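Data block below; observations after.
The values are calculated or read from the model by the stated rules, or taken from the named source; none is laboratory data. What you see is a predicted model, and the numbers here were worked out from it, not measured in a lab. Don't worry about glycine lacking a Cβ; one is built from the backbone with ideal geometry, like all the others, and counts go over all protein chains shown. Surface accessibility is based on the protein's heavy atoms, side chains included, excluding ligands, DNA and RNA. Shrake-Rupley method; radii C 1.70, N 1.55, O 1.52, S 1.80 Å.
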Amino acid sequence: MEGVNVPLQAPTYGNLVTILSIDGGGIRGIIPGTILSFLESELQKLDGEDARIADYFDVISGTSTGGLVTAMLACPNEKNRPMFAAKDIKEFYLNECPKIFPQRNFKFFPHTFSVIKALSGPKYDGKYLHRLVKEKLGNTKLNQTLTNVVIPTYDITRLQPTIFSSFQVKKNLSLNAFLSDICISTSAAPTYLPAHFFETTEEKTGAVTKFNLIDGGVAANNPTLVAIGEVTNEIIKGNQDFFPIRPMDYGKFLVISLGTGAPKAEEKCIAGEAAKWGVLGWLTAKGCTPLVDVFSHASGDMVDLHISAVFQALHSENNYLRIQDCTLNKKTASVDVATKENLDDLVKVGEKLLKKQVSRTNLDYGTFVPCKTETNEEALTRFAKLLSQERRLRQAQSPHGSLAAKSK
């Protein structure tokens with residue numbers, strides 16, 4: 001389709017607000033990467049091989065590893081097109097994760113080594129990750145992304161979330177940081193990677209803002225609600241891009257929320273064990289970091305529960321797609337076991353997840369249960385058609401879109 005090289009026109013010229021959200025989860029980012037590769041291939045069947053994820057979503061939001069994927073999808077290259085195609089994400093993770101999370105084989109007393117590391121500092125120094133992200137994203141800043149992005153972090157000085165939002169940066173220039181600094185910050189998971197400090201300087205005033213940030217998963221490991229909230233705030237403020245959508249008109253939202261997997265029940269901790277843990281137990285029990293796992297999975301599930309309730313209340317369940325695998329084993333559920341075998345297994349998890357039935361949160365029990373309507377693959381194909389139709393409608397109805405298409 002010729003129009004994919006024309007910027008996505010504002011929702012006011014269409015029928016929907018389109019949102020993509022990607023959870024945090026370290027190496028498990030391979031799972032949503034695999035899902036996105038399929039979605040992009042479906043869009044390309046409809047609109048040509050140049051179609052990219054960023055051409056269809058008003059907002060892409062991501063936390064931690066999801067923030068990195070968000071930047072990869074929305075960062076412009078020298079031709080002002082997305083730097084990465086979705087199909088490139090899998091190879092990026094397969095090639096780079098072993099260097100970001102180098103595996104150390106300690107045959108004797110591995111748990112003792114974990115305890116020592118937990119006491120002495122983060123498990124990984126983050127140097128390779130920092131260098132890699134800066135090399136790939138260059139000097140691109142938040143206000144230069146190809147579509148709106150929303151990336152949560154957490155400021156340990158103010159003890160408050162810092163949301164790097166394409167919407168907020170228009171009014172708060174102190175947020176206009178390099179995408180590389182934002183990605184390093186949102187990925188700085190406590191005990192795994194070091195906290196990140198950087199400054200921004202406003203060009204006109206010279207005002208300097210200091211940021212002391214860690215993983216956005218502390219506040220919103222599943223950033224779907226943050227993304228919806230950003231759009232809602234813009235509607236409340238009268239942003240003409242969203243006219244005539246009303247603040248609570250979530251029936252016009254089309255939302256894809258991608259999880260990075262969760263452990264199956266028998267792999268989770270039990271109260272009898274946890275009751276004996278002190279500080280070190282919560283940081284190193286079973287060779288993992290239970291405390292980090294608890295806050296990341298808990299926040300993700302609560303967000304899904306809330307959004308599911310809202311969309312069901314509005315009879316718009318088919319406009320919200322949450323894709324998550326809750327059957328991971330101990331290794332695939334880890335954020336840093338970056339062996340070739342485990343990374344390959346995560347690719348398989350993503351491929352199998354496409355074939356599984358769509359699951360939704362049961363509001364009575366809070367559990368994620370399969371539906372009999374369609375598979376995730378079928379749902380993504382349906383969403384691709386809706387996204388393509390929405391883009392075409394906006395381009396046809398927007399004077400900017402139609403003029404830009406004619407000039408091509």
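Here are some notes:
- Residue that is nearest to the chain's Cα centre (by Cα) [pool: residues in the stretch 206-234 that are surrounded by fewer than 24 Cβ atoms within 10 Å (Cβ to Cβ) and outside any helix (DSSP H, G or I)]: ILE214
- Of all residues in the stretch 176-197 being of a type outside the set (Val, Ile, Thr) and open to solvent by less than 10 Å² (accessible area, probe 1.4 Å), the one that is nearest to the chain's Cα centre (by Cα): CYS183
- Residue within the stretch 236-249 that is surrounded by fewer than 16 Cβ atoms within 10 Å (Cβ to Cβ), assigned to a loop (DSSP other than H, G, I, E, B), modelled with pLDDT of 90 or more and at positive phi present: yes
- Candidates in the stretch 75-107 are the residues that are part of a loop (DSSP other than H, G, I, E, B) and of a type in the set (Phe, Trp, Tyr); of these, the one that is nearest to ILE53 (Cα to Cα) is PHE84.
- Among residues of the stretch 49-65 that are over 23 Å from THR260 (Cβ atoms), those with a Cβ under 6 angstrom from a residue that is modelled with pLDDT under 95 and open to solvent by less than 10 Å² (accessible area, probe 1.4 Å), sequence gap 6+ or separate chain, pair up as ASP50/VAL4; ALA51/VAL4; ASP55/VAL4.
- Among the residues listed as THR147, THR162, the single one being at pLDDT 95 or above, of a type in the set (Val, Ile, Thr) and more than 25 Å from TYR56 (Cα to Cα): THR162
- Residue in the stretch 281-292 that is over 22 Å from VAL349 (Cα atoms), hydroxyl-bearing (Ser, Thr, Tyr), surrounded by 20 or more Cβ atoms within 10 Å (Cβ to Cβ) and modelled with pLDDT of 70 or more present: no
- Taking (1) modelled with pLDDT of 95 or more; (2) hydroxyl-bearing (Ser, Thr, Tyr); (3) surrounded by fewer than 19 Cβ atoms within 10 Å (Cβ to Cβ) in turn, TYR154 satisfies each apart from (3).
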